[in-house]
Amino acid sequence: MAPMLRRPLPPERLADLPPGLDGLTAPEVDARRRRHGSNDVIEAAAHAWRDLLRDTATDPMLWFLLATSGLFAVTGDATEALVLLAALVPFVGMDAFLHRRTQASTQGLRSRLASEATVLRDGLRQVLPAAALVPGDLVDVAAGAPFPADGILLAGEAAQADESSLTGESWPVRKAPLPEGADPVNATDSQWVFAGTRLLTGGAQVRIVYTGRETLYGEIVRSAASSRRVRTPLQLAIDGLVRALVAAALVLCAVLAGVRIAQGHGLVDALVSAVTLAVAALPEEFPVVFTFFLGVGVYRLARKQALVRRAVVVESIGRVSTICTDKTGTLTEGQLRVGHVEPMQGLDAGAVLALAALASRAETGDPLDLAVLAAAGAPARVPDLVATFPFTEDRKRETAIIRAAGGVPAATVAVTKGAPETVVALCAEGSGDLLQWRERVEALAGTGHKVIAVARRELGEGDWSGGEPDRGFRLAGFVALEDPVRAGVPEAIAQCRAAGIHVLMVTGDHPATAAAIAAEIGLGDGQPRVILGAELQERLAQGKDGWLRDIDVVARAVPGEKLALVRALQATGETVAVTGDGVNDVPALQAADIGIAMGERGTRSAREAAAIVLLDDNFRSIAGAIAEGRQLFANLRLAFHYLLVVHIPLVVTAALIPLLGYPLLYLPIHVVWLELVIHPTALLVFQQLPGRRLRPRHSGGASRQIRFFSRGEWLLVIATGVVIAVIVVATYDRSLGSGYNVEHARAMALVALTLASAGVTAVLSRLATWTARTITLATVLVSVLLVQQPQLAGWLHLEPLHGDDWLIASVGGLLAAAVTALRWAPGPRASVAAS
């Protein structure tokens, strides 16, 4: 059952509604259009490309990369300049895509709207563009057509509406006209119809009440259009880290240049010192590595059947602490099918289904009829349909009069199906059978099934006068229909719960049905805690806190309540993922930290609004995507840990040794060598570390104030960097000696630093992959080659080392590795720490 959708009707709007089935006159239309505007739900942006360029140009990371690239170009490092320019491409593309995505999701909402409508004006029926409608118009809607605006049903028979675009529920909604003379203020949800929904069966005359942006559909569009992009905590952390490092580098460069001039080394020496320090200190690797890892994450998540539409969510998905999921089409298959058949004595399930099929019609598009017909299959003989009495809300049954073919003794048969209490009351057995079967019917209904009863009556000569038979039926049995749970969903729920992720079902369905499905998939350990959407709104309005993690299901929820729930969870520090497949899910998908749409069954608007699209529509893919996201984030932290540990001694020694009056430690060519070690290590070693199963997050509660490292990890990073810096300075000073052999000292310092890099790499990666082993070994072998080969060493202004030098450098590398291993425990525990 769908949630109740009903609009308030204030007095000023009630005054706009003509009496009875009267239409408007031209002057009335003009006056109302001036007052309410046209029936345009979506307004096109006047300067879309200008807005796109403006929004794209506001990303500070883009300007940092551009400025840093220019600096490298000016200093003659064309390779670094080109690398940074190449890194601009994904950042520019990402910002442009995010801007256009919001516009595309809004425009995608148009596909559900009526383009024209048949309206009564000046006593004549006219076909006009739907945008021309105003409140008070009387429109005719045919079966299969969308409703052009929100209004009240005044006339129509056997009307059923598909409101899944607003409610997300697949059940058809029965609609009944407002009784003649009744006050429209008292119209019930069954008498309201809405823009963006469509009429499944029957015909309807609708009095338009709300148009354009005032419709429920229009409210969804406004929510989608006004949503704002928020930078992720990791992006903010990287921005802060980069800004701090840039500021420190600029200060150090200025100080170093001034000191070298004061020491009498001359302007050229000062400039070379400052430029070398700038090349070593500017943290261009951090945004490059971040972008590269996002690209890797997009590819890996795609292999998990999760198509990433916003690359930055790759780092966020690993921190998800709550998943708000709808039921229909996400946890369930989203289509009815016959689950159980309970035949009466003397009949079998096939006979009951065959009878039910006789009272079903494919042309109605009713999902219940289609499910019954599919289960029954093609009949052996096609009978003649004499008369049909369609389902109505007051009768709660559908009856068909059939003339049997092939010489059956009973030439004419009446078959009826519908609500069990209605059908059983028509049977000759009376209430006895109802009492006998009530317990079974209630049990099936309580497990999320829609139960109908089936009965037949043989009509002899003179038994039927042309009306619908209302007595003398014989009960054939009961048919229970279900929207089955998707394969793998219970296992995925169990994985999420074991990993500390709170899974919350938000559905417009009846509480009993929602509770049954929730229990089946394992929410609440099989005993889910259910509240209604109205109760949720009341609790949120009261400002109560700490109870959201104590509920498992929100039933009878409407889109606004789902959106309010997402925002309330975020306010308590949760990182929220929202799954959805309908237009009704668009606001929540955009407000969530991670919006996840269904790829196969989802609407275009939902897919455009979401950050991730599940290609297989399987909830279990979410668990795999979160596990992959957690591992990727852990690997990214490993890469940043390595970059910091290596850059700290590189920058410190590049600044400290010249400041102390010694000759320059690093020449530009040496920094290039070190960068050729650092770049492939950070980019290739850590992104390839193997994934793990979804595991619990680091305890400590949810927090949206994310630090990239905990305080203890920062201390470890700094301590390791300081230890390596001490090793480099000590080995440089020892090798410089009294003879001031600068080439020998530089070679010793460079070998000490590269071997320390290899040791740190080995510890952080655990040498778990072929790439990690290869790059670690290559770092050592290249150092040996460049230093020990006399010609290469001469080109690099170095001098080959002695055996004791290599021994000392190797001990230094092992010491760096030992310090790194003191507290580092790779894996998801650290990867999602929210300190």
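The values are calculated or read from the model by the stated rules, or taken from the named source; none is laboratory data. Here the structure is a predicted model, which means the values were calculated and not measured. Please note: Cβ atoms are built from the backbone with ideal geometry, for glycine as well, and neighbour counts cover all protein chains shown. With ligands, DNA and RNA removed, areas are computed over all heavy atoms of the protein, side chains included. Shrake-Rupley method; radii C 1.70, N 1.55, O 1.52, S 1.80 Å.
For the set Glu439, Glu675, Glu468, Glu421, the ranking by accessible area, highest first and with no ligand, DNA or RNA atoms included, is Glu439, Glu421, Glu468, Glu675 under a 1.4 Å probe.
Annotation: peptides 397-403, 316-322, ranked by per-residue average of other Cβ atoms within 10 Å with the highest first, follow the order 316-322, 397-403.
In this structure, the pairs whose alpha-carbon distance is over 22 Å, taken from Lys175/Lys417; Lys450/Lys562; Lys327/Lys396; Lys327/Lys450; Lys327/Lys417; Lys396/Lys450, are Lys450/Lys562; Lys327/Lys396; Lys327/Lys417. On the basis of the beta-carbon distance and an R0 of 60 Å, Leu124 and Gln688 show a calculated FRET efficiency of 0.25. Testing the spin-label approximation: label points 7 Å from Cα along Cα→Cβ at Asp733 and Gln345. State their distance in nm. With each label point 7 Å from Cα toward Cβ, the separation is 10.3 nm.
Give me the number: length gained by fully extending Ala262 to Leu814, i.e. 0.36 nm times residue separation minus the C-alpha to C-alpha distance, one decimal in nm.
On the way: separation 552, 0.36 × 552 = 198.72 nm, distance 3.84 nm.
Result: 194.9 nm gained on full extension.
Between Arg471 and Trp795, the simple label model (points 7 Å from Cα in the Cβ direction) yields a spacing of 10.9 nm.
Could the peptides 12-20, 200-208 be put in order, highest first, of the mean number of other beta-carbon atoms found within 10 Å of their residues?
Working: 12-20: 12.7, 200-208: 22.8.
Output ranking for 12-20, 200-208: 200-208, 12-20.
Note on Tyr740 and Thr188: the model spin-label points, each 7 Å out from Cα along the C-beta direction, lie 10.1 nm apart.
With the convex hull drawn over the C-alpha atoms of segment 523-565, the volume per residue is 66 Å³.
Compare the peptides 766-774, 412-420 by average per-residue count of other Cβ atoms within 10 angstrom and give them in order, highest first. Present the calculation step by step, with values, prior to reporting the outcome.
Numbers: 766-774: 15.2, 412-420: 23.0.
With the highest mean Cβ count within 10 Å placed first, the list reads 412-420, 766-774.
Shape verdict for segment 718-780, please, from the Cα gyration tensor: rounded (a/c under 1.5), prolate (a/b greater than b/c) or oblate. In terms of gyration-tensor shape, oblate. Between Val784 and Ala254, the FRET efficiency from the beta-carbon distance, with R0 = 60 Å, is close to 0.95. Rolling a 1.4 Å probe over the heavy atoms of the protein chains gives segment 776-822 an accessible area of 53 Å² per residue. Computed from the C-beta positions of Arg243 and Ser710 and an R0 of 25 Å, the FRET efficiency is 0.75 to the nearest 0.05. By accessible area, using a 1.4 Å probe on protein heavy atoms only, segment 760-810 has 71% of its surface on carbon and sulfur.
When the Cα gyration tensor is reduced to axis lengths a ≥ b ≥ c, the ratio a/c stays below 1.5 for segment 477-599, which is therefore classed as rounded.
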